[in-house]
Amino acid sequence: MGVEICVEGLTKSFGHQVIWQDVSLTLPAGEVSVMLGPSGTGKSVFLKTLVGLLKPDRGSITIQGRDITRLRERDLYEVRKLFGVLFQDGALFGSMNLYDNIAFPLREHTRKSESEIRRIVLEKMDMVGLLGAEGKLPGEISGGMRKRAGLARALVLDPEIILFDEPDSGLDPVRVAYLNQLIVDLNAQIDATFLIVTHDIASARQVPDNIGLLFRRELVMFGPREKLLASDEPVVRQFLNGRMQGPIGMAEEKDAAQVEQELAQIDEDGPAGAPAPRLLPGPGITRPPRWEAIARREAELHGAEVTSP
């Protein structure tokens, strides 16, 4: 079961440059959350801060009753065992085959026997659809397979929190669709807490339980997916509709008068977008009990009847 992450008043800067300030949100245990935002708004910095690789200027990150921003390195090392991370490019060791890449955390952080390691590695490779590719090197496989191998490695220590840093980058739309389904299926199976940083609007509409948006050094909104999709917040509407009109410019900042004129022209468009069909776990995968609560929540918002899966 995943664990809750409570972020309060988090601020991070590099020198005089403020990346984001006073960020407060709660990532619910076992749910999938997505963090959106224009390039350069500090989404990856946020992930690194959550796992303790970067220290914030102020604020707190509470996990299982402990504020990790104030832990000693030895204690922080133990908390990090709760995390699995999928990096943008998979971050695989090029000289190791997939089996050894995925086995690496087990060999480094546990005293398990090689037979036990083999059982776990093959189990995780099977979960991500890579069984049979154990002997291949990262340079011999596609970008999508490297992502899945990186995900298998993130899973081997059975983490309760998994962070995804732009998992769809460099993938074609078909592979993104397969990866999204894999993420939904894995969350239903292991019930860990997922946080995904992405630019892919289709993924943000279909995959998460919750959506957040960083812009102009602030967290504009964070909450249930259906509320952000129905939001009339200008920057949320602009980003989720992928259009030029709105507060986001090529260099992020726009003249206030220009923004006001553009928003007046598109007011009739309504909220961020029509309700998107939620991606469901694949056949044979049991949905966690929380899915029924989320379905009721979405149905109440849109005035629909709740149907049992």
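Structure data summary
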quantity: Rounded to whole Hz, the Karplus (6.51, -1.76, 1.60) HN-Hα couplings of segment 22-32, x for glycine and proline; calculated: 6, 7, 10, 6, 10, 8, x, 4, x, 9, 9
quantity: Cα centroid of segment 59-77 to Cα centroid of segment 100-154, whole Å; calculated: 29
quantity: Amide proton proximity set for Phe215, modelled H, under 5 Å, gap of 5+; calculated: Val220
quantity: On Cα atoms only, tilt of 256-266 relative to the major axis of the chain in degrees; calculated: 90
quantity: Other-chain or far-sequence residues with amide H under 5 Å of Lys136's (modelled H); calculated: Leu98, Tyr99
quantity: Residues Thr26 and Ser142, FRET efficiency given R0 of 45 Å [Cβ-Cβ distance, rounded to 0.05]; calculated: 0.75
quantity: Residue-averaged 222 nm ellipticity for the chain, from DSSP H runs of 4+ at -39500 (n - 2.57), nearest 500; calculated: -11000 deg cm²/dmol
quantity: Compactness of the chain - radius of gyration and Dmax, Cα, Å; calculated: 20.1, 66
quantity: Charge tally in the Cβ shell below 10 Å around Gly42, where Lys, Arg are +1 and Asp, Glu are -1, Gly42 excluded; calculated: +4
quantity: For segment 108-118, 3J(HN,Hα) per residue [Karplus equation, 6.51 cos²θ - 1.76 cosθ + 1.60, θ = phi - 60°, Hz, x = Gly/Pro]; calculated: 7, 10, 9, 10, 5, 6, 5, 5, 5, 4, 4
quantity: Proxy reagent accessibility, fewest Cβ within 10 Å first, across Glu226, Glu134, Glu123; calculated: Glu123, Glu134, Glu226
quantity: Under 5 Å, built H, 5+ apart or other chain: amide partners of Thr41; calculated: none
quantity: Order of Phe194, Phe87 - criterion: other Cβ atoms within 10 Å of each residue's Cβ, fewest first; calculated: Phe87, Phe194
quantity: Extended-chain gain in nm, criterion 0.36 nm per residue less alpha-carbon gap, Phe93 and Arg118; calculated: 7.2 nm
quantity: Beta bridges by DSSP in the chain, antiparallel share as percent, to the nearest 5; calculated: 55
quantity: Fully extended contour minus Cα-Cα distance, from Glu108 to Leu53, at 0.36 nm per residue; calculated: 17.9 nm
quantity: Using alpha-carbon coordinates, inclination of helix 143-155 to the longest axis of the chain, degrees; calculated: 70
quantity: Whole-Hz ³J(HN,Hα) from phi, Karplus 6.51 cos²θ - 1.76 cosθ + 1.60, for segment 71-85, glycine and proline x; calculated: 7, 5, 4, 5, 6, 5, 4, 5, 5, 4, 5, 6, 9, x, 10
quantity: Fewest-first sequence of Asp75, Asp200 by Cβ atoms within 10 Å of each Cβ; calculated: Asp75, Asp200
quantity: Label-point separation in nm, Leu71 to Gln181, each point 7 Å along Cα→Cβ; calculated: 3.7
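Throughout, read-outs are computed from the coordinates displayed, never taken from laboratory work. Just so it is clear, the model here is predicted, and its values are computed rather than measured. Every residue, glycine among them, receives a Cβ derived from its backbone with ideal geometry; neighbour counts consider all protein chains shown.
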